[in-house]
Amino acid sequence: MNVYDSARMADVLAPLGYELSDQPDDADMVILNTCHIREKAAEKVYSELGRLRQFKNKKAETGEAMILAVAGCVAQAEGEEVFARAPFIDMVFGPQTYHRLPEMIAKATRSSGGVLDIDFPAEAKFDSLPAASGTDTRSAFLTVQEGCDKFCTFCVVPYTRGAEFSRPAKDVLADARRLVADGVCEITLLGQNVNNYHGEGPGTQEWGLGRLIHALAEIDGLARIRYTTSYPADVDDELIAAHRDVPALMPFLHLPVQSGSDRILKAMNRRHDSSDYRRLVEQLRAARPDLALSSDFIVGFPGETDDDFAQTLNLVDEIGFVQAYSFKYSPRPGTPAAEYDRQVDDEEKTGRLLRLQDLLNKQQRSFNESLVGKTLPVLFDRHGRFEDQLVGRSPYMQPVHIDGGANLFGRIVDVHIKAGFANSLAGEVSESIGGAATGEPPNDAKERISA
Ligand code: 5AD
Ligand code: SF4
């Protein structure tokens with residue numbers, strides 16, 4: 001979501017004459033779009049600010065100014081504290097305020113003090129943001145829902161991103177049509193709780209995510225739909241049916257479980273237990289047998305015993321994940337779990353994390369290896385590290401590398417998989433398969449791709 005938000009900030013700033021730059025040293029403005037989810041992510045902000053300060057000072061020596069800003073959830077959570085720790089910062093603003101950037105910049109350039117904006121304004125941010133601008137990628141993010149009302153006891157998101165809000169279906173569809181007209185053929189719908197989407201539909205109806213996916217699938221040229229991140233207890237029958245009925249909905253689902261222990265899930269205030277999760281996976285796999293699952297795990301939540309941890313390993317063993325993110329529990333200020341007794345010591349957390357990751361890595365590698373010999377449609381949207389190498393995504397989200405094939409950039413092509421590694425696949429496009437490329441980009445996109 002931060003990637004998407006950064007792109008929206010660039011849209012707001014374009015009319016003011018700002019362009020993206022990958023050279024922070026002589027930029028007129030540097031915005032750090034930050035994450036507060038774990039302590040490590042939040043602390044990184046301050047070390048990065050120290051580095052950027054050097055650039056700002058250098059520019060000042062030549063009589064030029066650099067606006068240095070902190071955006072995102074660290075800004076939202078820490079507010080004034082950011083100025084206290086880094087007084088050389090010009091602006092601190094939260095995720096709900098990006099549409100007000102022009103005003104903030106005007107204030108920051110006029111005044112000598114820092115500008116702080118961490119309100120949750122009454123007006124909907126999305127109504128005040130410019131339409132998503134042209135993109136030169138074939139795969140785009142699209143926020144459909146923001147915020148979270150779940151209050152898992154470890155998590156800062158409900159405090160930093162605020163209450164759940166779903167964008168009206170017609171706005172989402174209009175954005176999606178615009179993206180497809182710009183050459184996008186894969187859209188990932190975003191939301192902290194994306195499957196609790198309940199946007200205003202036509203008339204007085206509310207649409208759920210399943211309904212929205214059906215409508216998106218009707219857009220000509222939109223070949224692939226994905227969504228992230230989902231909350232297991234909010235997966236409804238309509239969404240499960242969409243996995244069965246909508247071929248464009250890719251067979252990959254990120255469905256965070258967090259733990260395999262019912263006791264811990266309860267203490268986390270998750271609204272599912274391990275059997276609910278198992279049942280849900282069964283239903284999803286019945287709907288889409290090749291569905292590949294990914295998940296999030298937290299180890300060392302307060303009170304987690306060896307036995308609780310063993311139940312997490314059991315669940316992983318039983319379900320089989322093709323990829324996953326796993327973290328040591330990080331106490332976050334203001335969240336209930338940070339105050340719980342029986343915090344697990346760091347060494348124990350590290351040991352459990354390594355064991356869990358070992359199992360997850362094995363599952364990931366064995367899934368990747370199981371695809372060798374198969375032919376998969378791959379959307380090529382990146383150049384590889386080596387000259388003449390193209391990288392794309394399989395339906396199951398793995399990066400797939402091929403050598404050569406520059407003319408296939410931006411297209412969905414059938415690839416014969418030759419090797420499976422820890423994190424990626426390698427393949428080749430045979431002559432006959434190469435001719436069968438699908439997902440032909442529209443004319444204007446084709447020009448941009450060949451340019
Ligand atoms: N400590 C560790 N991991 C966390 N996550 C969220 N909050 C914390 C925390 N305090 C993880 C969860 C979530 C993912 C985005 O980050 O697994 O699903
Ligand atoms: Fe955080 Fe996700 Fe729980 Fe919401 S559902 S509180 S975003 S972990």
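A few notes on this one:
- Protection proxy ranking of 248-258, 99-109 - average other beta-carbon atoms within 10 Å, highest first: 248-258, 99-109
- Less than 5 angstrom separates the built amide H of residue 384 from those of 389, 390, 391, all sequence-distant by 5 or more or on a different chain.
- Only DSSP H runs of four or more residues enter the estimate; each adds -39500 (n - 2.57), and after division by the residues of the chain the mean residue ellipticity at 222 nm equals -11000 deg cm²/dmol.
- In the calculated pair-distance distribution of the chain, the portion above 37 angstrom amounts to 31 percent of the Cα-Cα pairs.
- Taking 4.7 Å between C-beta atoms as the pairing limit, the chain has these partnerless cysteines: 35, 73, 148, 185.
- Amide hydrogen proximity for residue 326: with H placed 1.01 Å from N in the peptide plane, the residues at 5 or more positions away or on another chain lying under 5 Å are 297.
- J(HN,Hα) series, segment 304-311, from Karplus relation 6.51 cos²θ - 1.76 cosθ + 1.60, nearest Hz, glycine and proline x: 5, 9, 4, 5, 4, 5, 4, 5
- Segment 324-397-segment 255-273 distance, computed between alpha-carbon centres (Å): 19 Å
- For segment 345-356, Karplus couplings with θ = phi - 60° (6.51, -1.76, 1.60), whole Hz, Gly/Pro x: 6, 4, 5, 5, 4, 4, x, 5, 4, 4, 5, 5
- For segment 236-318: rounded, prolate or oblate by the Cα gyration tensor [a/c cutoff 1.5]: prolate
- Using the Karplus relation 6.51 cos²θ - 1.76 cosθ + 1.60 with θ = phi - 60°, the per-residue 3J(HN,Hα) values for segment 360-374 come to 4, 5, 4, 5, 5, 4, 5, 5, 4, 5, 5, 8, 4, x, 8 Hz, with x marking Gly and Pro.
- Cα centroid separation - segment 1-75 against segment 220-252, whole Å: 34 Å
- Rh by Kirkwood over Cα pairs, then Stokes-Einstein D for segment 124-369 at 0.692 mPa s and 37 °C, µm²/s: 171 µm²/s
- To the nearest 10, the accessible area of residue 374 is 100 Å² with a 1.4 Å probe.
- Distance (nanometres) between label positions extended 7 Å along Cα→Cβ at residue 341 and residue 279: 3.4 nm
- Span per principal axis, largest first, for the Cα atoms of segment 170-297 (Å): 48, 33, 21
- Long-range HN-HN contacts of residue 182 with modeled amide H, under 5 Å: none
The values are calculated or read from the model by the stated rules, or taken from the named source; none is laboratory data. Being a predicted model, the structure only gives us computed values, none of them experimental. Note that we place each Cβ from the backbone using ideal geometry, even for glycine, and neighbour counts take in every protein chain shown. For the accessible areas, the whole protein counts, side chains as well, though only heavy atoms, and no ligand, DNA or RNA atoms are used. Shrake-Rupley method; radii C 1.70, N 1.55, O 1.52, S 1.80 Å.
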